[in-house]
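Following: one structure in structure tokens, then a few remarks.
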Amino acid sequence: MALRHLLCGVMAVGFGFAAVSTPASAQTSGSTLSAVKSKGRLDCGVSQGLPGFSNSDSAGNFTGIDVDLCRGVAAAVFGDPSKVRFRTLSAKERFEALKSGEIDVLSRNSTWTMTRDTQLGIIFAGVNYYDGQGLMVPASLGVSTAAELDGARICTNTGTTTELNVTDYFRSHGMSFELIAFEKTDEVGAAYEAGRCDVYTTDRSGLAAERLKFADPEGHVVLPEIISKEPLGPAVRQGDEQWLNVVKWTHYAMLNAEELGISSENVDQIRDEQAGLVSQGQGNQEIQRLLGLGDDFGAVLGLPKDWAYQVIKQVGNYGEVYEANVGPDTPLKLARGANALWTNGGLQYGMPVR
Ligand SMILES: N[C@@H](CCC(=O)N[C@@H](CS)C(=O)NCC(=O)O)C(=O)O
């Protein structure tokens with residue numbers, strides 16, 4: 001079914017973001033770790049509400065895999081995952097908030113791209129969710145593939161890769177479209193639900209999350225096409241490798257813990273068993289290094305020796321965090337897929353602690 005009849009003319013509005021080449025200011029360069037330690041908390045930039053990633057309840061309790069990434073960093077630095085202040089940011093505001101020093105880490109379903117990594121004074125520290133962009137339509141439209149969307153009105157968020165990708169996709173497939181972009185995700189959902197657009201496009205994880213807010217979540221279909229790569233992950237300011245390492249290695253610690261079979265549930269037992277073997281030069285050396293039983297792998301990051309133990313004990317390994325927030329038993333019902341460990345055919349791979 002062609003949707004051209006739904007549209008007179010083509011209008012692509014408000015997509016893209018200006019490439020900013022200003023480096024991180026002198027005020028914010030240098031040791032973020034010392035600044036975080038002296039203020040006694042981490043300021044973490046999250047979304048304005050994306051279930052499974054970063055979302056708060058009516059009492060202001062935040063949950064999600066992006067939230068847990070920041071809690072993990074707080075556990076590594078302070079041994080206390082509660083020492084985080086969450087700052088909600090729209091897609092448009094997020095990079096400036098990081099660059100200006102308003103937040104210490106941006107953990108907001110942000111796609112790692114070359115422009116963002118080089119032109120905004122920020123740098124990505126890893127990928128905590130491999131995603132791709134999807135297209136959702138009301139089931140009543142009777143559309144089953146993207147090829148039927150010629151002439152569609154498409155709703156999405158401003159300041160995102162989403163706007164750019166959908167534009168590329170429609171142009172390269174010779175299809176016309178009208179892009180209707182909003183700063184707030186709730187406005188995107190409201191416009192789509194009200195029938196102002198035929199298609200809602202964003203990261204597939206975002207579609208799974210946003211449809212839960214609809215009056216009739218089952219009345220919408222996510223089309224089979226995945227139109228882009230969206231590696232989502234945390235970012236920090238450029239020019240502070242120590243802090244970049246703290247965030248990066250917190251993520252790797254969670255991945256390595258899962259790979260080694262260490263969870264928040266069994267970490268104490270494993271630590272006790274391994275502690276008894278260290279002095280005899282026996283046991284699993286990889287586990288001993290990760291849990292801070294052998295050489296000190298905390299000092300090299302400016303962190304306590306038990307930094308990774310604290311992350312695992314108080315926040316969990318990557319698999320635990322995934323299952324609790326976005327996995328098949330949550331409302332999002334997202335299979336591990338590309339986010340499985342490399343040992344299970346996925347892309348998640350923690351660098352070795354040694
Ligand atoms: N991953 C894309 C899209 C990010 C984005 O802003 N997605 C929207 C739709 S999933 C969102 O985060 N909504 C929640 C919010 O704005 O709080 C990017 O980095 O540009």
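The values are calculated or read from the model by the stated rules, or taken from the named source; none is laboratory data. All of these numbers come straight from a predicted model, not from anything done at the bench. Here the Cβ positions follow ideal geometry from the backbone for every residue, glycine too, while neighbour counts run over all protein chains shown. When the accessible area is computed, the model is the full protein with side chains, heavy atoms only, and any ligands, DNA or RNA have been set aside. Shrake-Rupley method; radii C 1.70, N 1.55, O 1.52, S 1.80 Å.
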When Lys and Arg each count +1 and Asp and Glu each count -1, what net charge do the other residues less than 13 Å away from residue 140, Cβ to Cβ, add up to? -4
Computed over region 240-333, protein heavy atoms only, probe 1.4 angstrom, the accessible area per residue in square angstrom equals 43
Selection from 31, 232, 276, by position along the positive dipole direction of the chain (Cβ): 31
With r defined as the distance between the Cβ atoms of residue 275 and residue 323 and R0 fixed at 41 Å, what FRET efficiency is calculated, to the nearest 0.05? 0.90
Which lysines, on any chain, are close to residue 39 with Cα under 26 Å apart, when same-chain ones fewer than 8 places away are left out? 83, 99, 248, 305, 313
Over the chain, calculate the relative contact order: mean separation of alpha carbon pairs under 8 Å at least 6 apart, over the residue count, as a percent. 23
Karplus-derived HN-Hα couplings along region 214-229 (A = 6.51, B = -1.76, C = 1.60, θ = phi - 60°), whole Hz, x at Gly and Pro: 6, 4, 10, x, 6, x, 10, 10, 8, 5, x, 5, 10, 8, 7, 9
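May I ask you to order 83-95, 227-239 by the average number of other C-beta atoms within 10 Å around their residues, highest value first?
227-239, 83-95
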How far is the Cα center of region 229-265 from the Cα center of region 153-212, in Å? 30
In whole Hz, the Karplus estimates of ³J(HN,Hα) for region 232-240 (6.51, -1.76, 1.60; θ = phi - 60°; x where Gly or Pro) are 9, x, x, 10, 10, 6, 5, x, 9
For residue 230, enumerate residues with amide H under 5 Å from its amide H, sequence gap 5+ or separate chain, H modeled in the peptide plane. 131, 132, 133
Check residue 160: other-chain or 5+ apart residues with amide H under 5 Å from its amide H, H built from backbone geometry? 16
Percent of Cα-Cα pairs more than 27 Å apart in the chain, please. 48
Could you let me know the centre-to-centre spacing of region 270-343 and region 68-115, using Cα atoms, in angstrom? 21
5 angstrom amide H check on residue 353, placed H, neighbours 5+ away: none
